[in-house]
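Here is the structure we will look at, set down as structure tokens.
The values are calculated or read from the model by the stated rules, or taken from the named source; none is laboratory data. If you're wondering where the values come from, they're calculated on a predicted model, not measured in any experiment. Cβ sites come from the backbone with ideal geometry, for glycine too, and all protein chains shown count toward neighbours. With ligands, DNA and RNA removed, areas are computed over all heavy atoms of the protein, side chains included. Shrake-Rupley method; radii C 1.70, N 1.55, O 1.52, S 1.80 Å.
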Amino acid sequence: MATETQGSAGQAAEAAPTGMPQLDFATYGNQIFWLLITLVAIYFILSRIALPRIAAVLAERKGTISNDIAAAEDLKAKAGEAEEAYNKALADARVEANRIVAETKAEIKADLDVAMQEADAEIAAMSAEGEKKIAEIQANASESVKEVAKETAKDVVAAMGAKAEARTVTAAVNARLKG
Amino acid sequence: MATEAQGEEGGLVLHPMDQFKVEPLFGGDTVAWYTITNVTLWMALAVVAVAALLVLGSSRRAIVPTRMQSVGELAYGFVYKMLEDITGKEGVKYFPYVMTLFMFVVMANFLGLLPMAFTTTSHIAVTAVLALGVFLGVTVLGFVLHGAKFLGLFWITEAPLILRPVLALIELISYFVRPVSHSIRLAGNMMAGHAVIKVFAGFAAIAAVSPLSVVAVTAMYGLEVLVSFIQAYVFTILTCVYLRDALHPSH
């Protein structure tokens, strides 16, 4: 470095002995010139492109967020409404179901009663018929007994060597059977 | 350069200030105002970085931002909110200028942290132009907006009448010291941190202390990352405060 500075007659490196390049006034013009260019460049980049764009993006985002929040609130209200409607429908359905259950029960009961009555009547008819049949059978049986008794009595009398008179035998059998 | 070299014993040579030298990129010794130097290179990189973050990052205009777009929007929101909080609604129209300052300073600071980089904001010439731009702009703006009433900034009507001239003098001095403190704060912070890192790095040449030196460089680097952002923040917030004085000089 020292050899170089000796060569140049003066301006740039002469201030070097102070030890602070910051105090080397020869470079000030250069620095100030480039600084001004830099500042102007940054100023134009920012004011023409970057800042309006970022401001627009931020505004847009703010708008989007507030829109979304409004939409969310709307949807929340709608959800509340839907829930209310659902609960109402549920209550209605419950009432309806209870009504249907009661109605059906009554209907079934009525049907059942009718069927019961029918069955009762049928049973009564059947038992009456059965009793009649039994009575008939009983009558038949006693008639047969009478008949058998008459025959037997006639045969017994015949066996004893007497001619039995039909009328008297019948009367005797009847008297016996009654007795 | 020779004054810095303390390299008599042990071959220890420290050149902590060499990193700040302004040198032509394409040979030659003289640095004329139009010469393309490392200043040009690193400032151009700062422009590229700003454009990449804020223009490329937002190019998709996504409602759900990508990582890069998110960072750009954070930077936008950060500076916008700072400006609005301090200056109120009237200050918002100066937002592009404040944003330009912030983005340039923060990008230059962070680019300066790359190894072998040249830190443009460590030069008083650069920060002085930035600070003077703010100072002159704010002063002119104050007079344009309020005319002679802008001088009410120095004439504190709440104070007793006897004290007012004294306070006016103090206010006037503090007003004119603003650009000085504004610029030297930034340049000083950047320069000091980088120089200290360089000194520690120089000590790494001595085997016995080199592990310690590596740890120290790492720690300083972490601190510098913090300082880089904080100084950009401080520079911007002071710009906002000065702007508020121009917009509302009455209090």
Next on the checklist: Take A:Glu60 and tell me if it is away from chain B (no Cβ under 14 Å) and either modelled with pLDDT under 95 or open to solvent by 60 Å² or more (accessible area, probe 1.4 Å) (or both).
Outcome noted: no
Checklist entry - What is the residue count in region B:66-80 for residues that are of a type in the set (Ser, Thr, Tyr) and either facing another protein chain (nearest Cβ under 10 Å) or surrounded by 19 or more Cβ atoms within 10 Å (Cβ to Cβ) (or both)? => result 2
Next on the checklist: Looking only at residues that are assigned to a helix (DSSP H, G or I) and polar (S, T, N, Q) in region B:151-210, which one is surrounded by the fewest Cβ atoms within 10 Å (Cβ to Cβ)?
Outcome noted: B:Ser174
Next on the checklist: Can you find a residue that is under 30 Å from B:Ala168 (Cα atoms), in contact with a helix residue (DSSP H, G or I) (Cβ under 6 Å, 6 or more places away or on another chain) and either open to solvent by 80 Å² or more (accessible area, probe 1.4 Å) or part of a helix (DSSP H, G or I) (or both) anywhere in region B:219-230?
Outcome noted: no
Next on the checklist: Every residue in region B:115-132 that is more than 9 Å from chain A (Cβ to nearest Cβ) and either touching a Phe, Trp or Tyr at 6+ places or on another chain (Cβ under 6 Å) or surrounded by fewer than 23 Cβ atoms within 10 Å (Cβ to Cβ) (or both), please.
Outcome noted: B:Pro115, B:Met116, B:Ala117, B:Phe118, B:Leu132
Next on the checklist: Against the conditions (1) in contact (Cβ under 8 Å) with a residue 40 or more places away in the chain; (2) at the interface with chain A (Cβ under 7 Å from one of its Cβ atoms); (3) within 20 Å of A:Thr38 (Cβ to Cβ), where does B:Met17 fall short? Just the number, please.
Outcome noted: (3)
Next on the checklist: Looking at B:Val105 and the list (1) in a loop (DSSP other than H, G, I, E, B); (2) under 12 Å from B:Thr236 (Cβ atoms), which single condition is not satisfied?
Outcome noted: (1)
Checklist entry - Taking region B:81-93, which residues are over 18 Å from the mean Cα position of the chain (by Cα) and either surrounded by 20 or more Cβ atoms within 10 Å (Cβ to Cβ) or part of a helix (DSSP H, G or I) (or both)? => result B:Lys81, B:Glu84, B:Asp85, B:Ile86, B:Thr87, B:Lys89, B:Glu90, B:Gly91, B:Val92, B:Lys93
Item to check | Spans of helices (runs of 4 or more DSSP H) in region A:1-52 with at least 2 residues at pLDDT 90 or above | outcome: A:28-44
Next on the checklist: Just to be sure I understand, how many residues within region B:32-65 are open to solvent by 50 Å² or more (accessible area, probe 1.4 Å), in a loop (DSSP other than H, G, I, E, B) and not basic (Lys, Arg)?
Outcome noted: 6
Next on the checklist: When you check A:Ala106 against the structure, is it assigned to a helix (DSSP H, G or I), under 52 Å from the mean Cα position of the chain (by Cα) and of a type outside the set (S, T, N, Q), yes or no?
Outcome noted: yes
Checklist entry - Only one residue in A:Ala50, A:Ala41, A:Ala55, A:Ala26 is open to solvent by less than 40 Å² (accessible area, probe 1.4 Å) and in contact with a Leu (Cβ under 6 Å, 6 or more places away or on another chain), so which one is that? => result A:Ala50
